[in-house]
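What follows is a set of notes on a single structure, which appears directly below.
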Amino acid sequence: MKHRMKHITLFHIPFLLLTLAMFLGCSTEKKDSQEEAKKVAVIISTLNNPWFVVLGETAANRAMELGYKATIFDSQNNTALETDHFENAIASGFDAVLFNPTDADGSIANVRMAKRAGIPVFCMDREVNATDAATSQILSDSYAGCVAIGKYFVEKLNKKGKYVEILGLVGDNNTWSRSKGFHSVVDHYPELKMVAQQNADFDRNKSMEVLESILQVHPDINGVFCGNDAMAMGAYQALVSAGKAENVMVFGFDGAADVVNSIQQKKILATGMQFPKLMAKTAATYAHEYFNGKRDFAQKVPVTVEMVNQENVDGYVAYGGE
Amino acid sequence: MSKGIKYTIGIIIAGIVIYNSMYFSPLDKKLAEEHKIVFDANSFVNSIWEKELINVYDSATDLTELIAMLNEDPELTFRDQANALGIGNIGYFRVKGEGTVMRVTENNVLLKVAGQIVELETEFIFGNAVRDASGLVKVNDYDLTSDFNSISESINDRIRREVIPNFRAKVEEGNTVSFNGALELNKAHLNLSLPEVIPVSIQIIP
């Protein structure tokens with residue numbers, strides 16, 4: 001037995017040396033990579049909307065300010081493309097993901113994939129329908145924001161009239177939080193009648209087309225509530241084309257630059273000011289704290305939404321400033 | 001068996017298989033099923049109403065004192081007195097007070113509380129002010145944000161049904177009224193000229 005062990009050891013000496021050399025090589029390489037800046041992936045649902053561009057760029061800039069490398073990925077509202085970005089981020093050795101999900105349910109698998117690879121994910125603005133996947137979710141309180149808009153809507157329409165609701169993406173929780181917040185107020189007024197409710201995927205052009213079609217059937221509406229500002233601008237364009245911009249009140253949600261300007265010009269009545277820069281900076285700061293060892297993050301961190309309207313617009317700047 | 005019969009049987013079988021492998025239902029029904037709320041907010045609110053919610057509002061800060069504190073040091077007062085869910089400028093305060101009815105309008109009752117005009121909401125009882133000022137409910141205790149929001153709807157509904165109608169039916173100018181309620185304020189755009197209180201309990205003092 002002793003002889004056999006000796007024989008095996010002698011036989012394997014070159015292999016052992018080779019393995020040792022490889023191990024040392026790897027260790028040196030790992031040490032080098034640890035000394036390199038950590039990499040942060042910023043995966044955004046779409047960059048076809050200025051609000052999300054602000055969110056993504058602020059997250060990336062804040063991560064770079066904190067000393068990390070940051071790369072922005074555009075999911076183009078496509079969960080499959082989002083999956084590709086997560087796979088690429090994992091394969092390319094990214095250390096954290098600052099994530100704006102495409103779909104509350106469809107994006108869960110991508111977050112879990114990163115979690116299995118040991119990469120923390122910090123959701124921004126939109127949530128995923130799981131509380132055991134992301135490290136933390138920094139979310140706009142869309143419901144409360146739309147309750148405020150609902151109250152203003154009821155006051156401005158004097159509790160009666162016909163209106164249209166244009167929804168965002170049906171797979172996004174924010175779409176329903178906003179709609180529910182708005183309806184939690186408006187549905188108490190039976191003389192306010194919703195004549196059409198249709199989705200336009202948070203897209204300006206789709207919203208314009210949707211409202212153009214609705215106006216052919218319901219030319220006598222008094223108000224339009226849109227789930228985001230891009231759709232509010234599209235709706236306003238449709239009303240201008242139909243010669244009805246003066247008679248129909250448009251309400252948005254986001255606090256985008258063109259809508260804040262439009263509120264000042266009395267083209268749009270109100271919006272819910274979200275704070276994309278605050279959310280993005282918080283997510284990047286959380287990633288920084290994670291790298292420094294913190295693990296006890298609150299799963300959901302709501303960020304308040306403030307209504308910007310005809311009476312207070314002068315006190316606000318687009319995207320909440322900073 | 002002729003080819004025609006074989007094809008006919010084949011088409012029928014294929015038709016049966018395809019028919020039984022697909023189901024059609026309206027999109028709104030499907031979406032409603034996916035968003036079905038299992039959490040019973042009404043039962044939850046009933047369970048906390050008397051012993052917890054009304055209790056914490058009984059220990060609310062006097063509105064006049066709160067306004068004096070806010071005028072003196074808003075940052076400190078928000079930190080010590082306000083409840084807020086997360087990050088942002090908005091804070092919710094529990095307040096109580098007693099005042100004289102100046103005017104009864106369609107949407108509210110205006111009170112004079114130690115020289116300060118206060119708007120007691122009786123129409124727009126919406127939003128999260130009462131839930132969040134209470135400090136009793138935490139967002140991270142709920143997997144679904146929609147469940148968490150349904151708590152506010154249930155609280156507001158109970159105020160609209162049980163607190164407001166009786167008060168509106170009796171209140172008149174000149175009445176003395178005591179109230180407990182919630183006040184929402186914005187730290188960055190602080191406006192104390194006409195505080196709007198959503199009442200949790202109101203009493204007309206004879």
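Quick note: the coordinates plus some simple rules give every number you see, no bench work behind them. Keep in mind that this is a model prediction, so the values were computed, not measured. A quick note on method: Cβ atoms are made from the backbone with ideal geometry, for glycine too, and the neighbour counts reach across all protein chains shown.
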**Study point:** Helix-only CD estimate at 222 nm, as mean residue ellipticity for chain B, using -39500 (n - 2.57) per DSSP H run (n ≥ 4)
**Key:** -11500 deg cm²/dmol
Check your understanding: So what's the angle, to the nearest 10 degrees on a 0 to 90 scale, between helix A:142-156 and the longest Cα principal axis of chain A?
Key -> 10 degrees
Check your understanding: What residue among A:A280, A:L215, A:V240 has its Cα farthest toward the positive end of the dipole of segment A:212-322, where the charges are +1 on Lys, Arg and -1 on Asp, Glu, each on the Cβ?
Key -> A:A280
Exercise for review: Please work out, to two decimal places, the log10 of the ratio I(q)/I(0) at q = 0.19 Å⁻¹ from a Debye calculation in which every Cα of segment A:65-174 carries one identical scatterer.
Suggested key: -0.95
**Study point:** Radius, Kirkwood style, for the protein assembly as shown when every pair of distinct Cα atoms is counted (Å)
**Key:** 26.0 Å
Check your understanding: ³J(HN,Hα) across segment A:233-247 via Karplus (A = 6.51, B = -1.76, C = 1.60, θ = phi - 60°), whole Hz, x for Gly/Pro?
Key -> 5, x, 5, 5, 4, 4, 5, 4, 4, 8, x, 10, 4, 6, 9
Exercise for review: Would you calculate, for chain A, the mean residue ellipticity at 222 nm contributed by helices, counting each DSSP H stretch of 4 or more residues as -39,500 (n - 2.57) and dividing by all residues, to the nearest 500?
Suggested key: -15500 deg cm²/dmol
Point to revise | Cβ-defined net charge surrounding A:D172, 11 Å radius [Lys, Arg +1; Asp, Glu -1] | key: -3
Study note, to complete from the structure: Applying the span-like rule to chain B (DSSP H, Cα extent along axis at least 15 Å, Kyte-Doolittle mean at least 1.0) gives B:3-21
Review point. What residues qualify as long-range amide H neighbours of A:N222, i.e. H under 5 Å apart, gap of 5 or more or another chain, H built at 1.01 Å from N?
Key: A:K162, A:Y163
Point to revise | Binned Cα-Cα distance frequencies in segment A:254-322 - 10 Å width, integer % | key: 20, 39, 21, 14, 5
Point to revise | Centre separation in Å (Cα based) which lies between segment A:78-99 and segment A:112-150 | key: 16 Å
Review point. Per residue and in cubic angstrom, what volume does the convex hull of the Cα atoms of segment A:144-293 have?
Key: 111 Å³
Check your understanding: Please identify the GluC sites (Glu not before Pro) of segment A:247-316 that satisfy two criteria: DSSP loop assignment and at most 13 other Cβ atoms within 10 Å. Which are they?
Key -> A:E311
Review point. What list of ³J(HN,Hα) values in whole Hz, one per residue of segment B:129-144 in order, does the Karplus curve 6.51 cos²θ - 1.76 cosθ + 1.60 (θ = phi - 60°) give from phi, with Gly and Pro shown as x?
Key: 4, 5, 4, 6, 5, 5, x, 8, 10, 10, 4, 7, 7, 10, 5, 9
Revision key, fill the gap. Within chain B, excluding any trypsin sites (Lys or Arg not before Pro) found in a DSSP loop (not H, G, I, E or B) and having at most 13 other Cβ atoms within 10 Å, the longest uninterrupted segment runs B:37-137
Point to revise | Amide H partners (placed H, <5 Å) of A:A270, local residues excluded | key: A:G252
